[in-house]
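The values are calculated or read from the model by the stated rules, or taken from the named source; none is laboratory data. Predicted model, so just to flag it, every value in this text is computed and none were measured. Virtual Cβ from ideal backbone geometry, glycine too; neighbours counted across all protein chains shown.
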Amino acid sequence: MVKVRCKLVSWDEVVEWCRQLSLKIKESGWSPDTIVAIARGGYVPARLLCDFLDIHELLSVQVLHWGKAAEITAKAHVKYPLKVNLSGKKVLLVDDIADTGDSIIVAKEHLESECKPSEIKVATMQWISPVCKIKPDYYVDEVKEWIWYQYPWTRLEDTTQFITKMLDEEGKKKKEWTLEEIVEKFKEWYGIDVGKSYYELALEILVGEGKLKKRTRDREVVYEL
Ligand code: ADE
């Protein structure tokens with residue numbers, strides 16, 4: 001029944017995972033001077049780790065996976081180089097999840113060549129071990145079966161993309177949808193419920209982009225493909 005396995009992640013879970021991550025780092029006896037967040041997914045975990053580990057230096061590097069016109073480029077890449085001297089510094093590189101590992105590999109190579117820190121260690125909340133090309137030095141959960149972690153900072157973006165994908169498929173059979181029907185089908189496809197305001201915001205985006213038309217049928221609002 002579920003087409004994409006998802007886990008709906010709460011803010012409280014994120015805080016708890018980052019607290020656990022900070023304990024693992026402390027227990028290892030290694031202590032970083034600087035945290036580098038991989039944008040955009042690593043921002044919130046990196047900031048929480050700064051708090052739990054009392055680290056005041058926080059930088060970031062963005063790794064992109066998309067080329068022009070949403071074409072997947074062969075390689076993940078850093079668009080804006082980070083031109084800072086980190087010689088003599090121990091760096092903790094942070095992302096939310098290590099999935100393929102490509103972002104982490106690219107960010108790490110970039111830091112090594114551009115910033116020359118004395119050491120880099122990697123921390124993520126989740127590590128998808130069967131598909132990941134690297135193993136983070138610190139992680140909270142080893143995920144043995146691939147699943148989409150629906151983190152709170154991508155809730156609207158994910159909901160919009162998920163609805164698009166679902167209606168692309170389901171729209172072959174049915175052209176008009178009420179909000180309630182979309183929510184029910186979403187729960188069926190993804191096995192999670194992101195809450196009414198996210199469905200509404202996502203639908204407004206899709207209407208604004210011209211991907212759906214909003215109209216009234218028998219005094220009821222319907223979305224038309
Ligand atoms: N980003 C890359 N892989 C992901 C996954 N499995 N869940 C959530 N965000 C991701």
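What the table shows:
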{"quantity": "Number of positions in segment 9-20 that are in contact (Cβ under 8 Å) with a residue 12 or more places away in the chain and more than 26 Å from ALA76 (Cα to Cα)", "calculated": "6"}
{"quantity": "Lone qualifier among TYR190, TYR199 - being surrounded by 13 or more Cβ atoms within 10 Å (Cβ to Cβ) and free of Cβ contacts under 8 Å to residues at least 60 places away in the same chain", "calculated": "TYR199"}
{"quantity": "Any hit, segment 156-171, residues being surrounded by fewer than 18 Cβ atoms within 10 Å (Cβ to Cβ), within 14 Å of the ligand (Cβ to nearest atom), under 17 Å from GLY42 (Cβ atoms) and not assigned by TED's automatic domain parsing to the domain that holds ASP95", "calculated": "yes"}
{"quantity": "Residue satisfying all of: in segment 19-43; buried (at least 20 other Cβ atoms within 10 Å of the Cβ) and within 16 Å of the ligand (Cβ to nearest atom); farthest from the chain's Cα centre (by Cα) among these", "calculated": "ALA37"}
{"quantity": "LYS185 being in contact with a strand residue (DSSP E or B) (Cβ under 7 Å, 6 or more places away or on another chain), surrounded by fewer than 19 Cβ atoms within 10 Å (Cβ to Cβ) and either under 15 Å from VAL222 (Cβ atoms) or modelled with pLDDT under 95 (or both)", "calculated": "no"}
{"quantity": "Set LEU49, LEU111: member being over 30 Å from ASP193 (Cα atoms), surrounded by 15 or more Cβ atoms within 10 Å (Cβ to Cβ) and assigned by TED's automatic domain parsing to the domain that holds LYS135", "calculated": "LEU111"}
{"quantity": "Residue match in segment 80-89 (condition: within 16 Å of the ligand (Cβ to nearest atom), on the phi < 0 side of the Ramachandran plot and surrounded by fewer than 21 Cβ atoms within 10 Å (Cβ to Cβ))", "calculated": "no"}
{"quantity": "Qualifying residue in segment 135-155 (condition: under 30 Å from ALA107 (Cα atoms), in contact with a Gly (Cβ under 8 Å, 6 or more places away or on another chain), among the aliphatic types (A, V, I, L, M) and more than 13 Å from the ligand (Cβ to nearest atom))", "calculated": "no"}
{"quantity": "From LEU23, LEU48, LEU64, residue being touching a Lys or Arg at 6+ places or on another chain (Cβ under 9 Å), in a helix (DSSP H, G or I) and free of Cβ contacts under 8 Å to residues at least 40 places away in the same chain", "calculated": "LEU48"}
